[in-house]
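To start, the structure under review is shown below, and the notes come after it.
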Amino acid sequence: MQVVGSDLKGVTLMSNVALNAQNVGKSFASEEPFIKRWRNRNGKRLAVNDVSFQVNRGEIYGVLGPNGSGKSTLIRCIATLLIPDAGYIEIFGHDIERDEMIVKRLINRVSVDAAFFKKLSAMENLLYAARLYSMDGLTARRKIREILGRLGIKELNQPLEHMSRGMQQKVAIARAFLSSPILLLLDEPTTGLDPRSKREVQEFVLEMRDQHDATVLLTTHDMDEADKLCDRVAIIDNGKIIAEDTPQGLKESIRHRIPQPTLEDVFMELTGKQLVVEQDLAKEVS
Ligand SMILES: Nc1ncnc2c1ncn2[C@@H]1O[C@H](COP(=O)(O)OP(=O)(O)OP(=O)(O)O)[C@@H](O)[C@H]1O
Ligand SMILES: [Mg+2]
């Protein structure tokens with residue numbers, strides 16, 4: 001295999017493909033009466049079903065799908081938190097199972113259920129993380145102020161438990177960027193944020209890619225977000241990727257039927273369903 005560089009965190013990058021997932025499968029034992037076609041031969045629930053895709057260095061790649069389609073399971077497999085039952089995943093040419101420790105240095109994951117010390121402030125939580133990354137105190141404080149300021153977080157010293165969920169989500173994103181990960185896995189980074197916070201996070205993600213050589217894999221239900229942020233998008237349904245292209249390419253593919261299509265229309269054409277998610281339903285009810 002060709003060695004393409006060794007510049008990052010002392011890790012040799014074996015490929016310019018940031019993420020290579022091939023025929024990845026993951027199923028869970030379940031008591032629930034799932035529809036037969038969603039089960040494998042052992043009667044298990046197929047959460048991720050024969051998924052293959054590649055993300056190039058510097059890309060922002062979106063995985064778009066409804067609730068329960070397998071987005072988080074896929075991210076957790078890539079983040080080495082779950083072991084796939086089938087297929088393999090490589091990060092810059094390093095196999096996630098064989099080279100787990102190397103892979104952990106190259107990736108960082110943010111999810112809505114981020115764990116924090118809730119009685120400590122954003123600054124204290126991030127300083128704690130910085131120590132784990134072996135950053136010196138002065139550099140850490142400067143970097144934390146810069147990132148939190150950039151994300152519009154002014155309350156550096158109040159306990160996290162007093163901050164809104166959206167603000168806590170932004171602190172989680174700030175923490176992921178602290179270690180300058182080369183591949184960032186963002187599981188619904190803007191779900192639950194108000195429009196302004198959403199925009200701030202989206203701009204920050206773009207900035208990290210453009211100025212800090214980050215590659216981003218993000219999951220979302222938000223069609224506009226996928227359209228605005230992602231270079232390429234995979235649409236996932238029932239654990240399977242059913243389409244993959246640039247947002248423009250996906251829309252072009254149905255323009256013969258719908259003159260000014262949105263990604264929502266693309267999803268509808270491909271699945272015959274609307275991409276309605278629980279959060280949207282909750283908003284409609286409230
Ligand atoms: N630890 C687990 N044990 C059993 N089943 C699981 C587990 N994690 C996920 N599943 C099931 O796998 C399927 C995919 O779930 P997953 O959380 O990956 O979907 P998702 O696309 O992230 O959904 P959402 O948009 O709601 O976050 C679901 O049917 C879910 O119930
Ligand atoms: Mg999820």
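Readers should treat all values here as calculations from the given coordinates under stated rules, not as data from a laboratory. Remember, it's a predicted structure, so these values are computed and weren't measured experimentally. Virtual Cβ from ideal backbone geometry, glycine too; neighbours counted across all protein chains shown.
If only the Cβ of Lys and Arg carry +1 and only the Cβ of Asp and Glu carry -1, the dipole of the chain around its Cα centre is close to 620 debye.
The share of alpha-carbon pairs in the stretch 5-285 lying farther apart than 30 Å comes to 32%.
Candidate cross-link partners of residue 26 among the lysines, defined by an alpha-carbon separation under 22 Å and a same-chain spacing of 8 or more, comprise 36, 44, 71, 104, 240.
With the simple spin-label model, which puts each label point 7 Å out from Cα in the Cβ direction, the residue 231 to residue 139 separation comes to 2.7 nm.
Measuring nothing but how far apart in sequence close Cα pairs (under 8 Å, 6+ apart) lie, relative to its length, the chain scores a relative contact order of 22 percent. Figure legend: label point modelled 7 angstrom from the Cα of residue 154 along Cα→Cβ; residues of the stretch 169-205 with amide N under 15 Å from it are 197. Taking every DSSP beta bridge that has both ends in the chain, the antiparallel portion is near 55%. Bridging of residue 273 to aspartates and glutamates at a Cα separation below 14 Å is possible for 237, 264, 265, once same-chain residues fewer than 8 apart are set aside. Helices of the chain meeting both criteria, an alpha-carbon length of 18 angstrom or more along the long axis and an average Kyte-Doolittle score not below -0.5, with helices taken as full DSSP H segments, are 165-178.
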